[in-house]
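Structure record follows, encoded as structure tokens.
The values are calculated or read from the model by the stated rules, or taken from the named source; none is laboratory data. Note that the structure is a prediction, hence the values are computed from the model and not measured. With ideal geometry, Cβ positions are generated from the backbone for all residues, glycine too; neighbour counts draw on all protein chains shown.
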Amino acid sequence: MSDDGAHTSKSPPEMTAGAAAEGFPPKGPSPKTSSSKGSSPKGYSPKGFSPRGYSPKSRSEQERASNSPPSIYNIPMIGGSPGSDNPTPAEQEAAEKDAAEAPVQAENGITIDSDQGSFLDDGYETDSNPSISTSLASSMRHYRNVLDMGTGTGIWAIEMGDQHPEATVLGVDLSPIQPEWVPPNVRFMVDDIESPWVHPPNHFDLIHSRHIVMAVKDWPRLLRNAYRHLKPGGWIELQEIHHFPQSPSDTPLPADLPLVQFWDLVAQGLDNLGVDFKRTLSLASMVRDCGYANVTERVFHVPIGTWPKNRTLKECGLYWKTVLMEGLSPIALGPLTRGLGWTQVQVEAFLVGVRQCMKEGRDNAFMPMHIIYAQRPWDDV
């Protein structure tokens, strides 16, 4: 994809220049210590900390009659049983030790995990993201072909292939950064998911995507392509974070909060590059408009930091904060330099205040995660 959007210049807000950014915890593949399966040298399938989702198991009359899949997502909401306000030393050490082993490349002198979208250094799309994601497909059994759009490091496709050897799993991404050692039923293809698809129509039983909202310019077209290439009765699952921090007290966060400024500026830069960063909020309606049936949307609160009382959310918040801290530079560089005309020095100086804001964590905040799944109607042959 190219930077064909009109660029507008926006000066950076006031920042503390000259301050040295401290080191941050490395990226982690999952909230629990990963153990590699198989005898391959790279250990291709670390398991993520992921609640199990739902997907239809067969083309049965019961499924056809059902208006929507049963809801079995069991992620606790913010609050819950009391716990310590801060992570234990062991938890903090685990977050820092779970470093991602995914292939990376460098741009602007910064090591990144390049995901879908040539204009965006989406460095937070790493193996740590399964920690806050759930999968519609985890209980699916009777299917043959699965597509992972914008597969990134390939972790979802690899785990799906490992858990479901009867399925053929294809991961598609612009960047060939996936590992070589993968299950025999998993393969990867370098391609742009927004270009015409080379796959035959009525082919896939499941099409999945996660964390590609920063890269997709034309969601309706992508959803129509997915619809056309699903089999009748096949399912699509979309998992996207709405990256604008919110307060659990329902009061707006201060507009001058560096973390709020950061995401607002990223959104402005992406808009100049042709990407609507707020599309997450309208994905469900777009899915319906494309003709899908049984459209279901679930929204979960992903905390930033360890402020929730519930221990599960506390752990989730620890890892999400780590992911965001590690991804600030890769996320910002493309939108702010190419979209807003900043220099790399200006970006890094601005990020000093953002990192300090996140480390202090004075304002409790979370990000909504939207999980949308829908079905191509059985009678659409």
Check: For the stretch 154-180, what are the residues that are part of a loop (DSSP other than H, G, I, E, B) and either farther than 25 Å from R224 by Cα or in contact with a Phe, Trp or Tyr (Cβ under 7 Å, 6 or more places away or on another chain) (or both)?
Finding: G154, H164, P165, E166, A167, P176, I177, Q178, P179, E180
Notebook entry, point to check: In the stretch 195-211, is there at least one residue being among the polar types (S, T, N, Q), modelled with pLDDT of 95 or more and outside any loop (DSSP other than H, G, I, E, B)?
Noted result: yes
Next item on the list: Kindly provide the set of residues from the stretch 206-234 that are surrounded by 22 or more Cβ atoms within 10 Å (Cβ to Cβ), under 24 Å from P165 (Cβ atoms) and of a type outside the set (K, R), ordered by number.
Entry: L206, I207, H208, S209, L230, G234
Item checked: Close pairs (9 angstrom Cβ cut-off, 6 or more residues apart or separate chains): more than 19 Å from L206 (Cβ to Cβ) and surrounded by fewer than 17 Cβ atoms within 10 Å (Cβ to Cβ) in the stretch 158-186, modelled with pLDDT of 95 or more and among the aliphatic types (A, V, I, L, M) anywhere -> P176/V190
Notebook entry, point to check: Which ones in the stretch 297-337 are of a type in the set (S, T, Y) and crowded, with 19+ Cβ neighbours inside 10 Å?
Noted result: T306, Y319, T322, S329
Check: Among the residues of the stretch 322-347, how many are over 9 Å from G269 (Cα atoms), of a type outside the set (A, V, I, L, M, F, W, C) and part of a helix (DSSP H, G or I)?
Finding: 7
Next item on the list: Go through the residues of the stretch 269-286 one by one and say whether even a single one is assigned to a loop (DSSP other than H, G, I, E, B) and touching a Lys or Arg at 6+ places or on another chain (Cβ under 6 Å).
Entry: yes
Notebook entry, point to check: Among the residues of the stretch 283-326, which ones are among the β-branched types (V, I, T) and at positive phi?
Noted result: none
Item checked: Number of the condition not met by T251 [criteria: (1) surrounded by fewer than 23 Cβ atoms within 10 Å (Cβ to Cβ); (2) β-branched (V, I, T); (3) outside any loop (DSSP other than H, G, I, E, B)] -> (3)
Item checked: Residue satisfying condition, being among the acidic types (D, E), in a loop (DSSP other than H, G, I, E, B) and within 22 Å of C290 (Cβ to Cβ), within set D192, D148, D256 -> D192
Next item on the list: Give just the number: which of (1) out of contact with any helix residue (DSSP H, G or I) (no Cβ under 8 Å at 6 or more places or on another chain); (2) assigned to a loop (DSSP other than H, G, I, E, B) does P183 not satisfy?
Entry: (1)
